[in-house]
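Here is the structure we will look at.
The values are calculated or read from the model by the stated rules, or taken from the named source; none is laboratory data. What you see is a predicted model, and the numbers here were worked out from it, not measured in a lab. Ideal geometry is used to build each Cβ from the backbone, glycine not excepted, and the neighbour counts take in all protein chains shown.
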Amino acid sequence: MADEFKVFTNINSTVVDPKNFDSRSFVDVKSDVCIIPPNSFALSRTVEYFRIPRDVLTVCVGKSTYARCGLIVNVTPFEPEWEGFVTLEISNTTPLPAKVYANEGIAQVLFFQSDETCEVSYADKQGKYQRQQGLTLPKL
């Protein structure tokens with residue numbers, strides 16, 4: 001996890017709408033630590049840049065130490081031929097503030113190689129999150 005965070009906030013009383021996302025829903029934080037408010041979440045990104053081969057699909061899962069503290073990492077699978085920095089969503093399911101640390105592992109990526117290549121890759125579809133360079137908010 002990099003040292004860039006977007007912490008969800010209710011300061012502007014915006015509505016969370018994935019079809020019309022308001023970036024004012026987040027406060028930007030650049031730090032070695034991030035405090036996630038109770039029952040809230042933050043976005044971060046990976047330090048690593050990924051290039052997924054055409055015959056590979058990945059699944060990202062949270063690490064147990066963080067899960068045991070009520071922090072859940074949610075990332076969609078990385079499709080064949082997707083590439084970029086991964087935007088991580090870290091949910092604090094507890095009634096207390098939670099601290100996460102930059103430049104430490106919070107999740108792990110499982111790679112599954114197929115015995116054949118996919119017919120239509122993420123690159124073929126020109127996916128909207130292809131080659132994302134930083135923390136990427138929802139796109140329609």
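The residue list 80, 53 contains one member that is surrounded by 12 or more Cβ atoms within 10 Å (Cβ to Cβ), of a type outside the set (Gly, Ala, Ser), at pLDDT 95 or above and touching a strand residue (DSSP E or B) at 6+ places or on another chain (Cβ under 7 Å), which is 80.
Scanning segment 8-40 for residues that are within 16 Å of residue 138 (Cβ to Cβ), surrounded by 14 or more Cβ atoms within 10 Å (Cβ to Cβ) and in contact with an Asp or Glu (Cβ under 9 Å, 6 or more places away or on another chain) yields a single hit, 14.
Examine segment 114-134 for a residue that is under 18 Å from residue 34 (Cα atoms) and either within 18 Å of the chain's Cα centre (by Cα) or surrounded by 14 or more Cβ atoms within 10 Å (Cβ to Cβ) (or both), and state whether such a residue exists. Step through it out loud before you land on a result.
Restricting attention to segment 114-134, the residues satisfying the condition of being under 18 Å from residue 34 (Cα atoms) are 134.
Restricting the remaining residues to those that are either within 18 Å of the chain's Cα centre (by Cα) or surrounded by 14 or more Cβ atoms within 10 Å (Cβ to Cβ) (or both) gives 134.
Scanning segment 114-134, I find at least one residue that is under 18 Å from residue 34 (Cα atoms) and either within 18 Å of the chain's Cα centre (by Cα) or surrounded by 14 or more Cβ atoms within 10 Å (Cβ to Cβ) (or both), so the answer is yes.
Select from segment 39-92 the residues that are touching a Phe, Trp or Tyr at 6+ places or on another chain (Cβ under 8 Å) and aromatic (Phe, Trp, Tyr) and write down the one among them that is nearest to residue 29 (Cα to Cα). That would be 41. Would segment 56-65 turn up any residue that is of a type in the set (D, E, K, R) and surrounded by 18 or more Cβ atoms within 10 Å (Cβ to Cβ)? No: zero hits.
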